[in-house]
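Only one structure is covered here, and it is reproduced in the block below.
The values are calculated or read from the model by the stated rules, or taken from the named source; none is laboratory data. Treat the numbers as computed from the prediction; the structure is a model and nothing was measured. A quick note on method: Cβ atoms are made from the backbone with ideal geometry, for glycine too, and the neighbour counts reach across all protein chains shown. Side chains are part of the model used for accessible areas, which takes the heavy atoms of the whole protein and leaves out ligands, DNA and RNA. Shrake-Rupley method; radii C 1.70, N 1.55, O 1.52, S 1.80 Å.
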Amino acid sequence: MRGTRSEDVAMRVWFRLIRLESRLAAAVAERLREIGLSVPQCDVLTTLTEEEGISQQTLARRLYVTKGNISGLLDRLESAGLVERRSTATDRRQYEIHLTPPGRDAALKAIAI
């Protein structure tokens with residue numbers, strides 16, 4: 001009987017933690033929207049602050065998304081003037097992804113959030 005009670009308490013704590021994480025994620029998403037970013041866009045920008053000049057494929061792998069998803073995200077970020085794609089010196093079919101100055105500013109604001 002005693003084990004059942006501690007399991008109930010553990011389960012309640014677990015659910016409270018899940019609800020807390022959900023509320024935190026919603027609050028962060030709301031704050032990011034205030035600066036014009038989505039959570040996935042924030043992920044791209046902040047990842048590029050760690051290592052610029054990586055390929056779309058490497059970026060997709062680091063963010064655990066498909067190449068198609070990263071391509072769409074980069075299209076939107078490029079249209080907003082936050083990132084730029086540069087052809088690599090060794091293979092013009094591949095691109096290195098770089099932050100623009102406004103992109104770096106947006107990334108730093110997102111990190112602060």
Tally time: how many residues in the range 36-52 are in contact (Cβ under 8 Å) with a residue 24 or more places away in the chain, surrounded by 14 or more Cβ atoms within 10 Å (Cβ to Cβ) and either under 14 Å from LEU77 (Cα atoms) or over 12 Å from the mean Cα position of the chain (by Cα) (or both)? 9
Identify all residues within the range 53-70 that are loosely packed, with under 14 Cβ neighbours inside 10 Å and among the hydroxyl-bearing types (Ser, Thr, Tyr); write none if there are none. TYR64, THR66
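Considering ARG104, ARG92, which residue is over 17 Å from the mean Cα position of the chain (by Cα) and not small (Gly, Ala, Ser)?
When all the criteria are applied, what remains is ARG92.
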Going through ARG76, ARG93 one at a time, which residue ends up being of a type in the set (Lys, Arg) and over 17 Å from SER38 (Cβ atoms)? ARG93
Among the candidates ALA60, ALA80, single out the residue that is at pLDDT below 95 and either under 14 Å from ALA107 (Cα atoms) or not aromatic (Phe, Trp, Tyr) (or both). ALA60
Return the pair list, or none, for Cβ contacts closer than 8 Å from residues in the range 53-79 that are over 11 Å from ILE97 (Cα atoms) to residues that are open to solvent by 90 Å² or more (accessible area, probe 1.4 Å) and part of a helix (DSSP H, G or I), at least 6 apart or on different chains. ALA60/LYS67; LYS67/GLN57
Yes/no for ARG85 being out of contact with any Leu (no Cβ under 6 Å at 6 or more places or on another chain), open to solvent by 90 Å² or more (accessible area, probe 1.4 Å) and not aromatic (Phe, Trp, Tyr): no
